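Written below as structure tokens is the structure these notes are about.
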Protein chains: 2
Amino acid sequence: ILMSLYCNRISYLFINFALGSRYVSKTATKSVSEFEYDAPSMKTAVPGPKSQELLRQLGEIQNVGAVHFFCNYEESRGNYLVDVDGNRMLDVYTQISSIPIGYNHPALMKVMTNPNNVSTFVNRPALGILPPENFPDKLIESLLSIAPSGMRRVQTMACGSCSNENAFKTMFIWYRNKERGYANPSEHEVDTCMINQSPGCPDLSILSFMGAFHGRTLGCLATTHSKAIHKLDIPSFDWPIAPFPKLQYPLEEFVRENAQEEARCLEEVEDLIVKWRQKGKPVAGIVIEPIQAEGGDNHASPDFFSKLRNIARKHGCAFHVDEVQTGGGTTGKFWGHEHWGLDDPADVVSFSKKLLTGGYYHRDELKPDKPYRIFNTWMGDPSKNLFLSEVLNVIRRENLLEVVTRSGKALLQGLYTLQTQYPHILSRARGQGTFCAIDACNDATRDSIMIKARNKGLFMGSCGEKTIRFRPALVFKEYHVHQLLNILNDVLAEHK
Amino acid sequence: ILMSLYCNRISYLFINFALGSRYVSKTATKSVSEFEYDAPSMKTAVPGPKSQELLRQLGEIQNVGAVHFFCNYEESRGNYLVDVDGNRMLDVYTQISSIPIGYNHPALMKVMTNPNNVSTFVNRPALGILPPENFPDKLIESLLSIAPSGMRRVQTMACGSCSNENAFKTMFIWYRNKERGYANPSEHEVDTCMINQSPGCPDLSILSFMGAFHGRTLGCLATTHSKAIHKLDIPSFDWPIAPFPKLQYPLEEFVRENAQEEARCLEEVEDLIVKWRQKGKPVAGIVIEPIQAEGGDNHASPDFFSKLRNIARKHGCAFHVDEVQTGGGTTGKFWGHEHWGLDDPADVVSFSKKLLTGGYYHRDELKPDKPYRIFNTWMGDPSKNLFLSEVLNVIRRENLLEVVTRSGKALLQGLYTLQTQYPHILSRARGQGTFCAIDACNDATRDSIMIKARNKGLFMGSCGEKTIRFRPALVFKEYHVHQLLNILNDVLAEHK
């Protein structure tokens, strides 16, 4: 019954969105992968009674204030997340944008059942001292096959925060080596570093942007400025924070205004670099997201990034592009920075989430001069590299970057239509690939839309103050877009 | 041929170490687990030609200065690590102390082949928002079944550094909530925290000890003081650093001297707490390892820790025991702090390595007051909890804590004998369980002994300036101890 309900909705949608989207006709020939479901199917409000009981149990052990519901991952398939109450939702948040090719993809199941892989899961090595035989090969076939332009070196890490922390360290080490002319450190430096004092622990800084999110460990957190709840009560560093451009959308319609805004921000960046140098806390590196995600899906133009990269070069700062959320194909290119069209886009590019392993690439010049400077026990996890290799195979075999580009266009077009239809509720639709977002008129409305949509089988994420963010997997096809738009349209139509 | 060579050595050892160790007789009836090898077996010097070729390949991608050799994890078994050149070594370093029950333990292989577990590996959830159905149960049967005294709450994390970073954050949040009387933060606090400034980002500190190692991300690194190479060129915090007692070994023979030294350090701790409060950077927490590992295997008495815990309480500082290396059974008790005999040993206990997942326990009082204060994308990895459950089953079924205690006694006894035999080379044998160490006369001698031992099939780790550290798995039996001592004795006998 529920399925036919949704099929009706899809026909309805067909009519509703046919205008202005040349892809809608494909909905009719929907090519559901054999392992996926057809549509959402809801049995209870979410969280349902089972989720609520489990919430109570987990609440005895942890703060569960952020838990939405409990999942049945065994039963989840492709774009559909199944919860413990048997509700099946179209998932366009994908574990905070970290599921690359949907749930239980058959290619990933095979990694698990291949007996050659068992040992990689069971014996987690200390990669920095005792790598497995196939480690160089696996890096070459996975991470190096997608290396950003100009980068041939990569260091794996366990998570996004560790990736950024170690990327920062790499930039500090590079900067100080430059400053001391690649000579050995003085005895005074060696002595003072042991007690956290300058010059051994120098007063260097990383320049970041308002609205940025680069993680929550203490180094990363000093460059994160998206929400107070992340930062309150945690000691930090006196590092410079530049304004990130506040652009008007759609970008094509505000080219001149946006260029002015970007110029203002770039000027401020240069001022801060000079000011912090004068303060005795020189900027060793600039860190930025290609699209600010957690901070509210804020975009900037290729021209902005290209000029920022030049400012970094001019002032001798390393340029670190944080692709933890933008990386992995979700913008329609494998890396967000590819949209800038630069041969030398960055000195460091960090990743995690959809790449399943954390880590960062860097240019040769930034390689650590000595062992044990960038180091920890595990240095990543080779079992994640196994999955990543297979994810990359699927992306290539199924042309998923093209799928993302196509679905992204349909999604953005649909969001434009919705905001035209509901101008009192929605505005500022924006996106690249399926990395899309739209603002509600305020946070209460945003939250209410999200809850209502969830109860109709659409699970979305939020970001910024009043933004809904769409972060589907790369296997999100056009007919999924139409399911999404259809449910959203229903919610908005009912909204007072 | 090689095997018989080692059998001869074991007989030799039998004679050599029979005196003073009541367990030696068991060597004769060695009960090798069915899945393990009998003895080391060496084919080349280490690193062999295959390792050297792989080193060259990996060197194109990463700094390989810390890589010892490449491993064949498929062929490794129990206490024996096999390298790519077919060398089989008795491994008493176990991936920097992170392999709990040896390589390819059949119980762990079964986790992989159980079809019920596949989904847990393939679909890594964002645990903080969408936990799997069995998450509370799995926590109860794994981490909570070994919770330290007085602690019923646990937060998983991906690695040791993230565990400590988030434990620090937990203490900062707790401390500030106390200071503001559990009221909501002021608008000024909310505003200033976004730009890294006080009072929102307050000038709080963590007190740590010289010689400590708590990780290498920027927050952790500010409490790490073991080697300059870890800290050089990385900005840090002005946080207080107390002296860790420099004890004389064996502890039983220097009770009075050691008590004096510990009293001196405790006095310094109190002075620093007062001084930093006056500086406007109050100590929110004290962090300490039950045995300083990376810093050179430095011990302190239960009395020292008990008094330190009281000092923390007296001054309103949280007390954080970092069990990343000491946890998991290696000292003969599951946690190093259990040797102190305290009902309320700590406010926070962090772990990683042998527990396969990172994380920390904390007392109820320190639970975060709001969601998203302690948060990241993955918040651990439930597939590691699956392995941990099985490891705990094996520890219980095979009485591995008793095995560790027995093997540890034999090992320490053997080290005492060796340092008596070679007083010009070895000194300061010390240990708890199999968490043992011995000093060489200098770093060059230490390094030479380690390389020679490795070429005879014994792979050990180092720490501090001139220390050899022993970190075998929990399945390290007495006959393994004798293999170890036998090889070490051969190396020392040959040493000029």
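Counting only heavy atoms of the protein chains and using a 1.4 Å probe, B:Lys314 has close to 140 Å² of accessible surface. So what does the Cα-only Debye profile of chain B read at q = 0.09, 0.12 Å⁻¹, as log10 I(q)/I(0), no solvent term? Per q value, in the given order, log10 I(q)/I(0) is -0.65, -1.15. Applied to the stretch B:153-159, the Karplus parametrisation 6.51 cos²θ - 1.76 cosθ + 1.60 on θ = phi - 60° returns per-residue 3J(HN,Hα) values of 10, 9, 10, 7, 9, 7, 8 Hz, with x for Gly and Pro. Averaged over the residues of A:181-194, the number of partner chain Cβ atoms lying within 10 Å of the residue Cβ comes to 3. Accessible surface area normalised per residue over chain A is 34 Å², counting heavy atoms of protein chains with a 1.4 Å rolling probe. For B:Asp443, inter-copy separations between label points set 7 Å beyond Cα along the Cβ vector come to 5.2 nm, shortest first. Annotation: extensible slack from A:Ser448 through A:Thr420 equals 8.1 nm (criterion: 0.36 nm per residue apart, minus Cα-Cα distance). By the compact-protein rule of thumb, 2.2 N^0.38 Å, the alpha-carbon radius of gyration of the stretch A:378-476 corresponds to a ratio of 1.31.
Pairs from the list A:Lys353/B:Lys370; A:Lys227/A:Lys452; B:Lys110/B:Lys227; A:Lys178/A:Lys279 with a Cα-Cα gap above 31 Å: B:Lys110/B:Lys227. Inter-chain Cβ neighbour count for B:207-216, averaged per residue, equals 2 (cutoff 10 Å, partner chain atoms only). Let's test the formula: R0 of 45 Å, r as the Cβ-Cβ distance of A:Tyr372 and A:Asp38. What FRET efficiency results, to the nearest 0.05? Calculated transfer efficiency: 0.25. Rounded to the nearest 10 degrees, the angle from helix A:2-18 to the longest Cα principal axis of chain A is 80 degrees. By its C-alpha gyration tensor, with a ≥ b ≥ c as the square roots of the eigenvalues, how is the stretch A:114-250 shaped: rounded for a/c under 1.5, else prolate for a/b larger than b/c, else oblate? Oblate, because a/c is 1.5 or more while a/b does not exceed b/c. Spatial offset of the stretch B:59-74 relative to the stretch B:343-386 amounts to 31 Å, using the alpha carbon center of each.
Under 5 Å from the amide H of A:Ser462 lie the amide H atoms of A:Arg469, each residue being 5 or more positions distant or on a separate chain, with H modelled from the backbone and absent for Pro and chain starts. Summary value for chain B: 21 percent relative contact order, contacts being C-alpha pairs under 8 angstrom separated by 6+ residues.
For the stretch A:367-467, the set of GluC sites (Glu not before Pro) satisfying both a DSSP loop assignment and a count of at most 14 other C-beta atoms within 10 Å is given as A:Glu465.
When a/c reaches 1.5 or more, the comparison of a/b and b/c decides; with that in mind, is the stretch B:280-399 rounded, prolate or oblate per its Cα gyration tensor? Verdict is oblate for the stretch B:280-399.
The simple spin-label model puts a point 7 Å past each Cα toward its Cβ; for A:Tyr182 and A:Lys279 those points are separated by 3.2 nm. Solvent-accessible area assigned to carbon and sulfur over the stretch A:129-223 amounts to 50 percent, based on a 1.4 Å probe. Using the rule -39500 (n - 2.57) for each DSSP H run of four or more residues, divided by the residues of the protein assembly as shown, the 222 nm mean residue ellipticity is -12000 deg cm²/dmol. Computed on protein heavy atoms with a 1.4 Å probe, the accessible areas place B:Arg428, B:Arg153 in the order B:Arg428, B:Arg153, largest first. Per-residue Karplus couplings for the stretch B:95-106, computed as 6.51 cos²θ - 1.76 cosθ + 1.60 with θ equal to phi - 60°, are listed in order as 6, 6, 6, 10, 9, x, 10, x, 7, 6, 4, x Hz, Gly and Pro entered as x. Each Lys or Arg adds one and each Asp or Glu subtracts one; over the other residues with Cβ under 11 Å from the Cβ of B:Ile140, this totals -1. For B:Tyr182, the label point sits 7 Å beyond Cα toward Cβ; its separations from the matching points on the remaining copies run 6.0 nm, from shortest to longest. Taken residue by residue and averaged, Cβ atoms of other chains lying within 10 Å of the Cβ of A:155-163 number 6.
Each copy carries B:Ala493; placing its label point 7 Å along the C-beta direction from Cα gives inter-copy distances of 9.0 nm, listed from smallest up. Roughly how big is the B-A contact, given as buried accessible area in Å² (both sides, 1.4 Å probe, nearest 100)? For chain B against chain A, roughly 10600 Å² becomes buried. Within the shell of other residues whose beta carbon sits under 12 angstrom from the beta carbon of B:Asn258, the net charge comes to -2, with Lys and Arg scored +1 and Asp and Glu -1. Residue-wise HN-Hα couplings along the stretch A:380-391, as the Karplus relation 6.51 cos²θ - 1.76 cosθ + 1.60 with θ = phi - 60° gives them from phi, are x, 7, x, 5, 6, 5, 4, 5, 4, 3, 6, 4 Hz; Gly and Pro carry x. Taking square-rooted eigenvalues a ≥ b ≥ c of the alpha carbon gyration tensor, is the stretch B:214-350 rounded, prolate or oblate, where a/c under 1.5 means rounded and, failing that, a/b exceeding b/c means prolate? Here the stretch B:214-350 falls in the rounded category.
The values are calculated or read from the model by the stated rules, or taken from the named source; none is laboratory data. Keep in mind that this is a model prediction, so the values were computed, not measured. Every residue, glycine among them, receives a Cβ derived from its backbone with ideal geometry; neighbour counts consider all protein chains shown. Note: accessible area is taken over every heavy atom of the protein model, side chains too, but ligands, DNA and RNA are not part of it. Shrake-Rupley method; radii C 1.70, N 1.55, O 1.52, S 1.80 Å.
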